[in-house]
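Here the structure is laid out as structure tokens; the discussion comes afterwards.
The values are calculated or read from the model by the stated rules, or taken from the named source; none is laboratory data. All values reported here derive from a predicted model rather than from experimental measurement. Note: ideal-geometry Cβ built from the backbone for every residue, glycine included; neighbour counts use all protein chains shown.
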Amino acid sequence: MSAKIRANSILPAHREPITLHTADGLELIGELAVPAGRPPVATMVCLHPLPTHGGMMDSHVFRKASYRLPALAGIAVLRFNTRGTWSVQGTSQGTFDNGRGEALDVAAAIEYAEYADLPSIWLVGWSFGTDLALMHGHDPAVVGAILLSPPLRFSAPEHLAVWQESGKPLVGLIPEHDDYLRPAEARERFAAVPHMELVAMPGSKHLWVGDAERVLDEIVRRIVPEVALPLPQVWDGPMATADTSAYAANQTRD
């Protein structure tokens, strides 16, 4: 019997906790979700919002990606807590380093995806995570990057120059009512990367509250363009329900 996919619906996938090992000896908490019974067709490595403002691997867009995209789009979803970050999954070792030491965290995630033979690796950063993608995510194994609500707070022109020179796909989803960078300013700030695709998201805000489905559709559109969109809102098969109460007190306010 078909049932509506709700915010806390968990569709079938193979999910396992993972540990990322950084070059400076830290262990980072993570999870890998892959399609059940079939190989993934693409991979998204999630780089979460600012941990000092509640950002974590369980921030709602990434949590819903893990719950839905393996089943609906065949995408492997790798998410993790950067150094010093807490979530219900656990706390990663180390201390928040304003985007500097986190370079090793991003490298560890990409290395894990490579070692696991995950296909077509894309970075999907949200807020602080977009800075990490721009600053540290330009790796030979990475196909491209999708930036959700980029504030351009830590990244600098030289980081944009690297992406421009490579020509790798770079996509920005820019909320109309963002707290930090709105579409008109984003076009100016990202002018150094002419091939970048900037997508203005009407009515959306920085936290994407109520807009996760639209965001996931836009991510899938770039990573697996052959998947029919919009993604289904009902599921005909087994479906679990998550207890989201543990997340409610730690909403991202980056």
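Points to keep in mind about this one:
- Close pairs from the range 232-244: first in contact (Cβ under 8 Å) with a residue 40 or more places away in the chain and under 21 Å from GLY74 (Cβ atoms), partner loosely packed, with under 10 Cβ neighbours inside 10 Å and of a type in the set (A, V, I, L, M, F, W, C), Cβ under 8 Å, at least 6 apart: ASP236/MET1
- Close pairs (6 angstrom Cβ cut-off, 6 or more residues apart or separate chains): without any contact (Cβ under 8 Å) to a residue 40 or more places away in the chain and more than 14 Å from ASP58 (Cα to Cα) in the range 83-97, assigned to a loop (DSSP other than H, G, I, E, B) and among the β-branched types (Val, Ile, Thr) anywhere: GLY84/THR95
- Among the candidates THR82, THR22, residue that is surrounded by fewer than 24 Cβ atoms within 10 Å (Cβ to Cβ), modelled with pLDDT of 95 or more and β-branched (Val, Ile, Thr): THR22
- Among the conditions (1) closer than 22 Å to GLY55 by Cβ; (2) modelled with pLDDT under 95; (3) surrounded by fewer than 17 Cβ atoms within 10 Å (Cβ to Cβ), ASP254 misses just one, which is (3).
- Of the strands (runs of 3 or more DSSP E) lying entirely inside the range 24-119, those carrying at least 1 residues that are aromatic (Phe, Trp, Tyr) are 75-80.
- Selection status of GLU213, acidic (Asp, Glu), modelled with pLDDT of 95 or more, surrounded by fewer than 18 Cβ atoms within 10 Å (Cβ to Cβ) and over 15 Å from the mean Cα position of the chain (by Cα): no
- Strands (runs of 3 or more DSSP E) fully within the range 128-203 counting 3 or more residues that are surrounded by fewer than 20 Cβ atoms within 10 Å (Cβ to Cβ) and in contact (Cβ under 8 Å) with a residue 12 or more places away in the chain: 197-201
- Boolean, ALA33 is touching a Leu at 6+ places or on another chain (Cβ under 7 Å), surrounded by 18 or more Cβ atoms within 10 Å (Cβ to Cβ) and closer than 18 Å to THR241 by Cα: no
- Candidate set: the range 1-23, residues that are of a type in the set (S, T, N, Q) and part of a loop (DSSP other than H, G, I, E, B); chosen: the one nearest to ASN81 (Cα to Cα): THR22
- The set of residues in the range 218-244 being exposed (fewer than 15 other Cβ atoms within 10 Å of the Cβ) and either at positive phi or not in a loop (DSSP other than H, G, I, E, B) (or both) consists of VAL234, ASP236, GLY237, ALA240, THR241.
- Within this structure, THR52 fails the test of being surrounded by fewer than 24 Cβ atoms within 10 Å (Cβ to Cβ), at pLDDT 95 or above, touching a strand residue (DSSP E or B) at 6+ places or on another chain (Cβ under 6 Å) and of a type in the set (Ser, Thr, Tyr).
- Residue check for PHE96: of a type in the set (Phe, Trp, Tyr) and within 20 Å of LEU207 (Cα to Cα): no
- Residues satisfying the stated conditions in the range 1-15, i.e. under 22 Å from GLY37 (Cα atoms), of a type in the set (A, V, I, L, M) and either over 19 Å from the mean Cα position of the chain (by Cα) or surrounded by fewer than 16 Cβ atoms within 10 Å (Cβ to Cβ) (or both): MET1, ALA3, ILE5
- Take the conditions (1) crowded, with 19+ Cβ neighbours inside 10 Å; (2) over 18 Å from LEU72 (Cβ atoms); THR43 misses just one of them, which is (2).
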